[in-house]
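In what follows, a structure is listed as structure tokens, so that the remarks can point back to it.
Quick note: the coordinates plus some simple rules give every number you see, no bench work behind them. Values in this document were obtained by computation on a predicted structure and should not be read as measured data. So basically every Cβ, Gly included, is an ideal-geometry build from the backbone, and we count neighbours across all protein chains shown.
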Amino acid sequence: MREGKIGTEMESMKIILHAGNAKSDSYEALQAVKLGNFHIFEEKYQSAKDEIKLAHKAHAEMLRKLSAEERMNDIDLLLVHAEGHLTSTAIAVDMIGEFGELYKWKETI
């Protein structure tokens, strides 16, 4: 790697780290709401949303850096994996939020 150029490995791992945290938190939130622990659900779900935002931010920052260096062709397998992980986790977080709302609604009827 030439000096002054960024590698994608550390940036990709940052995406994977935050997406992984979001996925773990969201599934913990789902388990909590299924048990009727709505306060824990809210905490874990908020944490999941915060983590997925950090993953999206890391992804956007890396793409901006690559674009600024005219290196958009330097996409590697780890980055592709990170992007897949980010996308599937974002969907899971959103769906678990919806499931949580359904579980909370169910308790009102």
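Run down the lysines and flag those whose C-alpha is under 29 Å from the C-alpha of Lys49, throwing out any fewer than 8 positions away in its chain. Correct list for Lys49: Lys14, Lys23, Lys34, Lys57, Lys65, Lys104, Lys106.
Starting from the Cα-Cα distance between Glu43 and Asn73, subtract it from 0.36 nm times their residue separation and give me the gain in nm to one decimal. Write down the numbers at each step before the final one.
Numbers: separation 30, 0.36 × 30 = 10.80 nm, distance 3.96 nm.
Extending this stretch completely gives an extra 6.8 nm.
Among Ile40, Ile52, Ile15, the largest mean-square fluctuation in a Gaussian network model of the chain, built with springs joining Cα atoms closer than 10 Å, belongs to Ile40.
Against the chain, whose longest principal axis is taken from its Cα atoms, helix 9-34 shows a tilt of about 0°. Helix 77-106 and the long axis of the chain differ in direction by around 20°, with both axes built from C-alpha atoms. Using only the C-alpha atoms, the convex hull of region 50-102 corresponds to 65 Å³ per residue. Relative to the dominant Cα principal axis of the chain, helix 38-68 is inclined by about 10°. When each of Val33, Val80, Val93 is scored by the number of other beta-carbon atoms lying within 10 Å, the sequence from fewest to most is Val80, Val93, Val33.
Dividing the summed -39500 (n - 2.57) terms of all DSSP H runs of n ≥ 4 by the residue count of the chain sets its mean residue ellipticity at 222 nm at -28500 deg cm²/dmol. One way to sum up the overall shape of region 9-98 is the equivalent ellipsoid from its Cα gyration tensor, whose semi-axes run 30, 10, 9 Å, largest first.
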